[in-house]
Number of protein chains: 2
Amino acid sequence: MPKDTFFNLNEEKQKRIFEAAVQEFSTRRFSDASINQIIKNAGIPKGSFYQYFTDKQDIYLYMAEKISEEIHKILGDQEAADPNTSFFETIMQRAEGTLKVGSIRPEYTKIGALTVIDNSEFMLQLLRVSNHKYAEIIERDKQAGLIKPEIDSEVVIKMMYIFVFNEYLYSGLDKTRYLQKVEAAIQILKQGIA
Amino acid sequence: MPKDTFFNLNEEKQKRIFEAAVQEFSTRRFSDASINQIIKNAGIPKGSFYQYFTDKQDIYLYMAEKISEEIHKILGDQEAADPNTSFFETIMQRAEGTLKVGSIRPEYTKIGALTVIDNSEFMLQLLRVSNHKYAEIIERDKQAGLIKPEIDSEVVIKMMYIFVFNEYLYSGLDKTRYLQKVEAAIQILKQGIA
DNA sequence: TGACAATATGACCACGTGGTCATATGATGT
DNA sequence: ACATCATATGACCACGTGGTCATATTGTCA
C-alpha cells in the first residue's frame, strides 16, 4: 500500500505516476523493471518516490489493483460471473477479454503476459492465486460431467494458462491470429489430437 | 566460438571455466547471468575472460555445445534416432531423458528450463531451432494417421514444450511426480479432457 | 643471453541499480 | 510574524554490471 503522502497528491500527479509505472512494467518484467525509469517517466525526484512508496513491489501492487478495477469496468457485463460458465467458455471469454482490453489499453495485457513469464517468487505467488480460481471451475465441470473426472486439473491449467498469455506476446497485434490459436488450443484440449 | 587462447589452455583450466559457466547459467537465466560471477567461480581474472571469449553469448554457446555432446553420450542408444518414433513417444523419451540427465548432472536440465523461461531475442532464436524438429515429427505423424491432419502443430508444440520444462522446474527433485505430470499432459493431448 | 611475441592480470571506466538522508520549501495554525 | 510540521528534493552511497587497457609475466626461438 502506498503511503498517505501519495494519496494526498492531486489526481493529476497520481495519474502521472501510475502511467509511468504502467509504461515501465509493460516493457520489462517485474524483476527487470527499474524505479529510476519510473521516476524519469513520471518526472518526479528519487526522494519523492520513496516518500510515496516503500519499494518496487509496493507500486506494482498498487498499479495492479488499479488496473484490475479498470478492466472490470471495461469488460463490465461481459464477464458477469455466471456460475455456470464452463472452463472452456471461461478461457475463451478470457482471451476475448484480453483482446478487448488490449485494443483499449495494450499495455495492460502486456503486463499480464510479462507476469506469467517472470518467475520471481513474488510473481509466482500472484499466479497461484489466480490459478486457484481456474481449478475450482474445472472441478465444477467435472461434477457436471463436462470434463473427465480423472483429469489432473493442475496440468490443464498450466498448459492453457501459460499458452494463452505466451501466445499473446507472440501474436502481437494480429487479433485474428490470436483468437485462432487460442481456439485451436481449446479444441486440442477438448478432443485431443490423436 | 572461443578464441584460440582458450583452446591453448590446459584441460584442467578449460574444465574449470566450463564448470563455472554451468554453475552460473544453471542458477540464473541468460540475461541475468553475470560474467563477474563466472570468473569468480572459475578463479580467473576479468582480463583473462575477455582473452578467451568475446562476450557472454560466446561462452554460453560454447557451454551449450559441450553439454549437448555430453548429453548425447549419456543418453546413447536410448535416443537412437528411430525415424518412426511418434511425437508422443518422443516427448515421453525426452522427459525420461531429462530425468536421466538430471540425475547425473542436474545443472544441465536446469539450464534447459531456464532457457525456455528466458525470453530474450537470443534465447528465442535458439528455441526456434529446436521447435522446428518437433514440427517435422508432428507432420510425419499426420501422414501416418497418428495425429488429426487439421491440428495446428505450432500450438501443440508450444503447449507441450513449455509445459515439459516448466514442470521440471516445479517438480524439482520429485521424479515420480514429474513423470506423472508429463504423462498426464500427454494423455490430455491425445484424448482431450472433454 | 637477449629479443620478441603471446598471454595474464587487475585496476579502472562509465553506467545502472535500489535505497538513504540532510536540507530546502511550503502550508497551517497561533 | 512566528513556529511547527508535512512534504519535496537531489546529492550521495554501496554495489553490481559489461567491457577496456596499460603493464607485468611467461614462453619461444636465435
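Observations
- Apart from one condition, B:Leu99 fits all of (1) in a helix (DSSP H, G or I); (2) over 22 Å from A:Asn119 (Cβ atoms); the exception is (2).
- You will find that of A:Ala185, A:Ala135, the residue that is away from chain B (no Cβ under 12 Å) and either crowded, with 18+ Cβ neighbours inside 10 Å or within 18 Å of B:Glu167 (Cβ to Cβ) (or both) is A:Ala135 and no other.
- Residue in region A:65-75 that is acidic (Asp, Glu) and either within 16 Å of DNA strand D (Cβ to nearest atom) or in contact with a Pro (Cβ under 6 Å, 6 or more places away or on another chain) (or both) present: no
- The selection criterion, being surrounded by fewer than 16 Cβ atoms within 10 Å (Cβ to Cβ), over 22 Å from B:Ser103 (Cβ atoms), away from chain A (no Cβ under 14 Å) and within 16 Å of DNA strand C (Cβ to nearest atom), holds for B:Tyr50.
- Just one of the listed residues (B:Tyr62, B:Tyr50) is within 16 Å of DNA strand D (Cβ to nearest atom), assigned to a helix (DSSP H, G or I) and without any contact (Cβ under 8 Å) to a residue 60 or more places away in the chain, namely B:Tyr50.
- Among the residues making up region B:25-47, those that are more than 9 Å from DNA strand D (Cβ to nearest atom) and either surrounded by 17 or more Cβ atoms within 10 Å (Cβ to Cβ) or in a helix (DSSP H, G or I) (or both) are B:Phe25, B:Ser26, B:Arg29, B:Phe30, B:Asn41, B:Ala42, B:Ile44.
- Every condition in (1) within 13 Å of chain A (Cβ to nearest Cβ); (2) out of contact with any Asp or Glu (no Cβ under 9 Å at 6 or more places or on another chain) holds for B:Arg140 except the one numbered (1).
- Some residue of region A:1-18 being touching a residue at least 24 places away in the same chain (Cβ under 8 Å), within 16 Å of A:Tyr108 (Cβ to Cβ) and crowded, with 16+ Cβ neighbours inside 10 Å: yes
- Among the residues of region A:155-178, just one is more than 10 Å from chain B (Cβ to nearest Cβ), of a type in the set (A, V, I, L, M, F, W, C) and more than 16 Å from the chain's Cα centre (by Cα), namely A:Leu173.
- Candidate set from region B:65-100 (those that are out of contact with any helix residue (DSSP H, G or I) (no Cβ under 8 Å at 6 or more places or on another chain) and at pLDDT 90 or above); member that is surrounded by the fewest Cβ atoms within 10 Å (Cβ to Cβ): B:Lys73
- Where B:Arg94 falls short, out of the listed (1) more than 14 Å from chain A (Cβ to nearest Cβ); (2) free of Cβ contacts under 8 Å to residues at least 60 places away in the same chain; (3) more than 13 Å from DNA strand C (Cβ to nearest atom): (2)
- Top-ranked residue in region A:28-46 [being within 11 Å of DNA strand C (Cβ to nearest atom) and β-branched (Val, Ile, Thr); ranked as farthest from the other protein chains (Cβ to nearest Cβ)]: A:Ile39
- Some residue of region A:105-127 being of a type in the set (Val, Ile, Thr), away from chain B (no Cβ under 14 Å) and closer than 18 Å to B:Asn119 by Cα: yes
The values are calculated or read from the model by the stated rules, or taken from the named source; none is laboratory data. Everything numeric here is computed off the predicted structure, so don't read it as measured data. Positions of Cβ are generated from backbone atoms using ideal geometry, with glycine treated the same way; all protein chains shown enter the neighbour counts.
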